[in-house]
1. Just need a number here: residues in segment 111-170 that are over 30 Å from THR81 (Cβ atoms) and small (Gly, Ala, Ser).
2. If you scan segment 109-124, which residues turn out to be within 16 Å of the chain's Cα centre (by Cα) and not in a loop (DSSP other than H, G, I, E, B)?
3. Restricting attention to segment 28-54, which residues are among the acidic types (Asp, Glu) and either more than 23 Å from ILE106 (Cα to Cα) or touching a Ser or Thr at 6+ places or on another chain (Cβ under 6 Å) (or both)?
4. Of all residues in segment 58-108, which are farther than 13 Å from GLN41 by Cβ, touching a Ser or Thr at 6+ places or on another chain (Cβ under 7 Å) and either modelled with pLDDT of 85 or more or outside any strand (DSSP E or B) (or both)?
5. Restricting attention to segment 37-57, which residues are of a type outside the set (A, V, I, L, M) and assigned to a loop (DSSP other than H, G, I, E, B)?
6. Name every residue in segment 35-79 that is of a type in the set (A, V, I, L, M, F, W, C), crowded, with 16+ Cβ neighbours inside 10 Å, free of Cβ contacts under 8 Å to residues at least 60 places away in the same chain and over 16 Å from GLY14 (Cα atoms), in order of residue number.
7. Kindly provide the set of residues from segment 6-34 that are of a type in the set (A, V, I, L, M, F, W, C) and crowded, with 16+ Cβ neighbours inside 10 Å, ordered by number.
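The values are calculated or read from the model by the stated rules, or taken from the named source; none is laboratory data. Note that the structure is predicted; figures quoted are calculated from it, not measured. Positions of Cβ are generated from backbone atoms using ideal geometry, with glycine treated the same way; all protein chains shown enter the neighbour counts.
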Amino acid sequence: MKCKLCGSLLEDKGKMFRCSESGQYKDGSWTGCGFQIMKYQKPIDLEMDEEEMEIFLEVEQIIGDNGNTIFLDINNPPFYTKVEWKNKGTGSSNHGEPDENGIVDIGKGYKKDGVVIWKESYGRKFSKDEAIELLDGNILEFDDFVNKKGEKYTSKIKLESDKLKLIFDN
């Protein structure tokens, strides 16, 4: 099997197939190619073996028995896949189906359209409803943020450039 990014060989690394030129993970990125595909694709409930991976790399999609489809997406690192949910549209999560608001619970955060609101940020825990409000572009105010010294403080917060940003009134 050949890497879709650089043409090198793909190697079986247990839970994934990874490019033989991937190098090492250092300072938040791979020193080499970095192309990898997880063997288990939860949205279609399929554990891909080498033969299935070769087919996937050739046709660039697999439709699961549940009707969901996994697409190869070389512009979506680190997993290089995209999901088309049977009844809910397209996304890039490997965690579960979007709810009625288009939100996917990814464990440590809530994801919508590729943007993640982490369940805990700035020393406070965000509920799913608060994450939805932020993802919808609303500015919220809380009095229970916690700084590094463990002290509570009040601030407004909004989503800006796909990241949470605190807004302090002067």
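1. 3
2. Step one: list which residues in segment 109-124 are within 16 Å of the chain's Cα centre (by Cα), which gives 109-119.
GLY109, TYR110, LYS111, LYS112, VAL115, VAL116, ILE117, TRP118 - these are the residues of segment 109-124 that are within 16 Å of the chain's Cα centre (by Cα) and not in a loop (DSSP other than H, G, I, E, B).
3. So the first thing to find is which residues in segment 28-54 are among the acidic types (Asp, Glu), and the list is 45, 47, 49-52, 54.
Of everything in segment 28-54, those that are among the acidic types (Asp, Glu) and either more than 23 Å from ILE106 (Cα to Cα) or touching a Ser or Thr at 6+ places or on another chain (Cβ under 6 Å) (or both) turn out to be ASP49, GLU50, GLU51, GLU52, GLU54.
4. ASN76, ILE106
5. Those that are of a type outside the set (A, V, I, L, M) and assigned to a loop (DSSP other than H, G, I, E, B): LYS39, ASP45, ASP49.
6. Across segment 35-79, the qualifying residues are ILE44, PHE56, LEU57, ILE62, ILE70, PHE71.
7. Those that are of a type in the set (A, V, I, L, M, F, W, C) and crowded, with 16+ Cβ neighbours inside 10 Å: LEU10, MET16, PHE17, CYS19, TRP30, CYS33.
Matching residues to (1) in contact (Cβ under 8 Å) with a residue 24 or more places away in the chain; (2) of a type in the set (Ser, Thr, Tyr); (3) exposed (fewer than 11 other Cβ atoms within 10 Å of the Cβ); (4) under 25 Å from ASN76 (Cβ atoms):
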position: ASP99; (1), (2), (3), (4): no, no, no, yes
position: LYS108; (1), (2), (3), (4): no, no, yes, yes
position: LYS111; (1), (2), (3), (4): no, no, no, yes
position: ILE117; (1), (2), (3), (4): yes, no, no, yes
position: ILE132; (1), (2), (3), (4): yes, no, no, yes
position: PHE142; (1), (2), (3), (4): no, no, no, no
position: VAL146; (1), (2), (3), (4): yes, no, no, no
position: LYS149; (1), (2), (3), (4): no, no, yes, no
position: THR154; (1), (2), (3), (4): no, yes, no, no
